[in-house]
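A short write-up of the structure that comes next.
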Amino acid sequence: MTKWIVLILVAFPMMGCARTYEREAQFIQEEYAPYEGKGTAKICGQAYVRLDGGNQHVASTNNVLLAPVTSYTEEAFKLKVLRGRNMVDPDPQAMKFEKYTKTDDEGRFCFADLPAGNYYVVADIVLPSSTKEHRESQLAHAKASVKAEENVYILVTR
């Protein structure tokens, strides 16, 4: 009996950590309408994190995501990016509006031909402590607003 109590006390907190959150927000086509097609704006920047000790670590050849700010992406941003929670997979319709790129060796990236609007930019930065067996990373993020024919430069950090 004591073994079961110990097992439950150890396993129960771990189950909470692995919880996958259901989405409450719904994909609303009208919110995405301004982001359909090509535009004339550009969002460029540099991604980095500050390590313990204050050293800067740039996102060298790491993935960067750009997604329009909508009620649907706002929920994902708050839960997944800011709180580190697992979520169910996004609606395939929403994924059509996501754009991806990689940073160069100095952490620079660029998204071109964007419609005017507000965007979340999230970089998945692999840390120097990573190994082939154990990947360690941090999500750096920023929010950018861009107008037609405008070029915006941002810093994506945490």
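Against the compact-protein benchmark of 2.2 N^0.38 Å, the Cα-based radius of gyration of the chain scales to 1.23.
Simple point charges give the picture: +1 on the Cβ of Lys and Arg, -1 on the Cβ of Asp and Glu, and for the chain a dipole about the Cα centre of about 480 debye.
How much mean residue ellipticity at 222 nm does the chain get from its helices, if each DSSP H run of length 4 or more adds -39500 (n - 2.57) and you divide by all residues, to the nearest 500 deg cm²/dmol?
Numbers: 4 runs with 30 residues, N = 158.
That comes out to -5000 deg cm²/dmol.
Separation of region 32-63 and region 97-143 by C-alpha centroid, Å? Cα centroid of region 32-63 versus Cα centroid of region 97-143: 5 Å apart.
Please rank VAL49, VAL64, VAL152, fewest neighbouring Cβ atoms within 10 Å first, as an exposure proxy.
Working: VAL49 20, VAL64 24, VAL152 16.
Least to most surrounded, the residues fall as VAL152, VAL49, VAL64.
Between rounded, prolate and oblate, where does region 50-127 land on the alpha carbon gyration tensor, with a ≥ b ≥ c its root eigenvalues, rounded for a/c under 1.5, else prolate if a/b exceeds b/c?
Working: a/c = 2.20, a/b = 1.36, b/c = 1.62.
Since a/c reaches 1.5 but b/c is at least a/b, the shape of region 50-127 is classed as oblate.
For region 38-156, lysine pairs separated by 8 or more sequence positions, or belonging to different chains, with Cα-Cα distances below 22 Å total 23.
We did not get these values from a lab; they are worked out from the coordinates using the rules stated. Everything quoted here is computed from the prediction, not taken from an experiment. Here Cβ is always computed from backbone atoms with ideal geometry, including for glycine, and neighbour counts include all displayed protein chains.
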